[in-house]
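Heads up, the thing below is written out as C-alpha cells.
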Amino acid sequence: MNNENIIITPSTPPKAILEFKNLAVSYSEGAYAVKDLSATVYEREITAVMGPSGCGKSTMLRAINRMHELYPSIKVEGEILLAGKDILKMNPTEVRWHAGMVFQRPNPFPTMSIFENVIAGYTLNGIRLSKIEKEEIVENSLRSVALWSEVKDVLSKKGSFLSGGQQQRLCIARAIALKPQLLLMDEPTSALDPIATGHIEEMLVELKKDFSIVIVTHNMAQAARISDRSMFMYLGELIEYDDTKKMFTNPSHKKTEEYLTGNFG
C-alpha cells in the first residue's frame, strides 16, 4: 500500500474560554473559601467541578458571576479571564450577560409567563426587541432545551405551572437566550428526580455544541457521564484537574482516588 498521498491533519487544540489565575476568595480576614486556584477551562466542553461540601466549588462559580459583590465582607483576589478579559474589572451586568447562571433549584420568575421568562434578560436590561425577534428568541431557546413541543401552546401561562424538570429547562432557556459565552450551573439537577435529571444531562451534552459549560456537581456518576474534564477541590484548593476519563480511571492524587472510590474522610 502506497502511503505517500496520505495526509494526516493534526487535531485542533482546544481554545481557552475561561482562565483562573491565583484566584482566592475569603469570607472574612484570613478565612479563605478558595485558595490560589489556577486553571483553564476550554470552549465547547463540559467541565465538572467536584468535591465534598464546603470545599469551595460554589464559591468559585459565584466568583465568575460576580455574585460575591452583594456581600461587602467577601474579598476576591487574583484574576478570572473570560475570553481574555478580566471579569473582575468588567461591569457586573456585562459579566452576567456573557456568563449565564443556573442554580440548584429552578427559579422561574413567578410573575412572568413562560414566554416572558425566556426573554427576561432582554427586558430587564432595557433592550427593545420587535415581536418577531422575541418570538424567534423564545422558540429557538426553548427548542435548544427540548421544551418547545411541551409548552408551545401554553406560553402565556406562568413558569410555575410547569413540573420541576420543565422549570429547570426553562431557567436554562432563559440563560442561553442571551447567547452567553459561558453557562455556569450550580448542581442544576440536585432537586430533580432521575428521569428529569436524565433529560437535563442529555440536553447539556447537546448544548455544549454551542456553549462552554461549567457544572458544579456532587454526583460523581453525572460528572463521569457528561463532562469532558473534571476538577476535584478540597478545602478550597484545586487538588486535581484532568480529562474526566483519565481522572476516573487513573487519578494522579491520592485524595482524588479516595474521593472517587468512596474512601474519603
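The values are calculated or read from the model by the stated rules, or taken from the named source; none is laboratory data. Bear in mind that the values here come from a model prediction, so they are computed numbers and not experimental data. Positions of Cβ are generated from backbone atoms using ideal geometry, with glycine treated the same way; all protein chains shown enter the neighbour counts. Heads up: the accessible areas ignore ligands, DNA and RNA and are worked out on the full protein's heavy atoms, side chains in. Shrake-Rupley method; radii C 1.70, N 1.55, O 1.52, S 1.80 Å.
Using a 1.4 angstrom probe on the protein heavy atoms only, could you order Arg96, Arg229, Arg128 from most to least accessible area?
Arg128, Arg96, Arg229
At a 1.4 Å probe, what is the % contribution of carbon and sulfur to the accessible area of the chain?
50
Explain nothing, just the number: relative contact order of the stretch 1-156, from Cα pairs under 8 Å at least 6 residues apart, as a whole percent.
Relative contact order comes out at 19 percent.
Mean projection of the alpha-carbon convex hull of the stretch 1-128 over all orientations, in nm²?
Mean projected area of the Cα convex hull: 14.1 nm².
Using protein chains only and a probe of 1.4 angstrom, how many square angstrom of Glu135 are accessible, to the nearest 10?
For Glu135, solvent-accessible area is about 80 Å².
Can you find, among Pro110, Ser53, Val205, the residue farthest towards the positive end of the dipole of the chain? Put +1 on the C-beta of Lys and Arg, -1 on that of Asp and Glu.
Result: Pro110.
Tell me which aspartates and glutamates have Cα within less than 17 Å of Lys134's Cα, excluding those fewer than 8 residues away on the same chain?
Filter leaves Glu116, Asp153.
Which three numbers, in whole Å and largest first, are the semi-axes of the equivalent ellipsoid of the stretch 81-193 derived from its Cα gyration tensor as √(5λ)?
23, 18, 11
Can you give the accessible area per residue of the chain, in Å², using a 1.4 Å probe?
The answer is 52 Å² per residue.
Measuring from centroid to centroid over Cα atoms, what is the spacing of the stretch 10-67 and the stretch 145-171 in Å?
When both Cα centres are located, 31 Å separates them.
At a 1.4 Å probe radius, which order do Tyr71, Tyr42 fall into by accessible area, largest first?
In descending accessible area the options line up as Tyr71, Tyr42.
Mean separation of Cα pairs under 8 Å and 6+ residues apart, divided by the residue count of the chain: what relative contact order is that in percent?
Once divided by the residue count of the chain, the mean separation gives 26 percent.
Ignoring ligands, DNA and RNA, how do Leu155, Leu204 rank by accessible area with a 1.4 Å probe, largest first?
Accessible-area ranking of Leu155, Leu204, largest first: Leu155, Leu204.
Divide by every residue of the chain the summed helix terms, -39500 (n - 2.57) for each DSSP H run of at least 4, and state the resulting mean residue ellipticity at 222 nm, rounded to the nearest 500 deg cm²/dmol.
Result for the chain: -9000 deg cm²/dmol, rounded to the nearest 500.
Per q in 0.08, 0.11, 0.12, 0.13 Å⁻¹, report the Debye log10 I(q)/I(0) for the chain, using one uniform scatterer on each alpha carbon and no solvent.
Listed by q, the Debye log ratios stand at -0.35, -0.64, -0.76, -0.87.
Determine the equivalent ellipsoid of the stretch 194-265 by diagonalising the alpha-carbon gyration tensor, then write out the semi-axes as square roots of 5 times the eigenvalues, largest first, rounded to whole Å.
Value: 23, 14, 11 Å, ordered largest first.
Which GluC sites (Glu not before Pro) in the stretch 19-111 pass both tests, a DSSP loop state and at most 13 other beta-carbon atoms within 10 Å?
Qualifying residues, ordered by number: Glu29.
So if I average 1/r over every pair of distinct C-alpha atoms in the stretch 103-167 and take the inverse, what Kirkwood radius in Å does that give?
Evaluated on the stretch 103-167, it is 12.1 Å.
Would you compute, for the Cα atoms of the stretch 58-106, the largest minus smallest coordinate along each principal axis and list the three values in descending order, in whole Å?
Projected onto the principal axes, the Cα atoms of the stretch 58-106 cover 31, 25, 16 Å.
In the full protein assembly as shown, how much of Ser141 is accessible to a 1.4 Å probe, in Å² to the nearest 10?
Answer for Ser141: close to 10 Å² accessible.
Given contacts defined as C-alpha pairs under 8 Å and at least six residues apart, what's the relative contact order of the stretch 44-106, whole-number percent?
28
So what's the convex hull volume per residue for the Cα atoms of the stretch 142-265, in Å³?
Given the Cα convex hull of the stretch 142-265, per-residue volume reads 123 Å³.
Return the percentage of antiparallel bridges among DSSP beta bridges fully within the stretch 137-265, rounded to the nearest 5 %.
About 55 percent, rounded to the nearest 5.
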